[in-house]
Amino acid sequence: MSATRPIHPDFLAHLQRKDADLIDLFLDARQFLLEAHPGANELLYRTHALTAVFSLSDRLGDAYCMLPIYTSHFNLGFNKGALLPDPHKLLTGTGTLIRHIDVSAPGDYRNERVTELVRSAIEFAKSDMDKPSKAVGLTISKITPGK
């Protein structure tokens, strides 16, 4: 595994409250996505889930994948998964756009089929962008500190 960017302190404060096994799994999945696209911008949110979103810009609309962490599990989400080719039927969900893969072990995402799906999501996001972004490789917290 190559070096990765540090976890933003706003996000880390909430992540540290999760179970150690869940944290380790999340960190590995995050690393997997950053290895697939080192220039990804990481947008961090805390709503009903603690979520790291991977985007081509500093805009949520240009996002392609996300890792929402719930109380005791997380998913590998695809922001426009309903529009992606999914020949191996990896994606689940019934939303208009978002689809996901349930994650309980690294093998759920560290495989060639998911790698292909992530690449497809990145390419789709590039073709769907309104304009190129100057933001590259940033971590942007949308989390209110202390809340």
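Throughout, read-outs are computed from the coordinates displayed, never taken from laboratory work. The model shown is predicted, which means the values in this text are computed figures rather than measured ones. Glycine also receives a Cβ, built like all others from the backbone with ideal geometry; neighbour counts cover every protein chain displayed.
Looking at LEU12, LEU76, LEU90, which is the one that is out of contact with any Phe, Trp or Tyr (no Cβ under 8 Å at 6 or more places or on another chain), among the hydrophobic types (A, V, I, L, M, F, W, C) and either free of Cβ contacts under 8 Å to residues at least 12 places away in the same chain or in a strand (DSSP E or B) (or both)? Write out each step before concluding.
Values: LEU76 fails: out of contact with any Phe, Trp or Tyr (no Cβ under 8 Å at 6 or more places or on another chain); LEU90 fails: either free of Cβ contacts under 8 Å to residues at least 12 places away in the same chain or in a strand (DSSP E or B) (or both).
After ruling out the rest, the residue left standing is LEU12.
Name the one entry in ARG119, ARG99 that is surrounded by fewer than 14 Cβ atoms within 10 Å (Cβ to Cβ) and under 14 Å from the mean Cα position of the chain (by Cα).
None of the others qualify; the one that does is ARG119.
May I ask you to say which residue of LEU67, LEU44 is within 11 Å of the chain's Cα centre (by Cα) and either farther than 25 Å from ARG113 by Cα or in a loop (DSSP other than H, G, I, E, B) (or both)?
Every option except LEU44 fails the conditions.
Being surrounded by fewer than 20 Cβ atoms within 10 Å (Cβ to Cβ) and either small (Gly, Ala, Ser) or assigned to a helix (DSSP H, G or I) (or both) narrows it down to one residue among ALA29, ALA82; which is it?
ALA82
Can you confirm whether ALA125 is free of Cβ contacts under 8 Å to residues at least 40 places away in the same chain, more than 20 Å from LEU25 (Cβ to Cβ) and not in a loop (DSSP other than H, G, I, E, B)?
It is false that ALA125 is free of Cβ contacts under 8 Å to residues at least 40 places away in the same chain, more than 20 Å from LEU25 (Cβ to Cβ) and not in a loop (DSSP other than H, G, I, E, B).
Any idea how many residues of the range 87-96 are exposed (fewer than 15 other Cβ atoms within 10 Å of the Cβ), over 15 Å from MET66 (Cβ atoms) and in contact with a strand residue (DSSP E or B) (Cβ under 8 Å, 6 or more places away or on another chain)?
Selection size over the range 87-96: 0.
Of the residues LEU67, LEU12, which is buried (at least 19 other Cβ atoms within 10 Å of the Cβ) and either more than 19 Å from LEU91 (Cβ to Cβ) or in contact with a strand residue (DSSP E or B) (Cβ under 9 Å, 6 or more places away or on another chain) (or both)? Break it down stepwise before answering.
Values: LEU12 fails: buried (at least 19 other Cβ atoms within 10 Å of the Cβ).
Only one candidate passes the filter, namely LEU67.
Residue-wise test of (1) more than 25 Å from THR144 (Cβ to Cβ); (2) of a type outside the set (A, V, I, L, M, F, W, C).
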| residue | (1), (2) |
| --- | --- |
| ARG17 | no, yes |
| HIS37 | yes, yes |
| LEU44 | no, no |
| LEU60 | no, no |
| LEU91 | yes, no |
| ILE101 | yes, no |
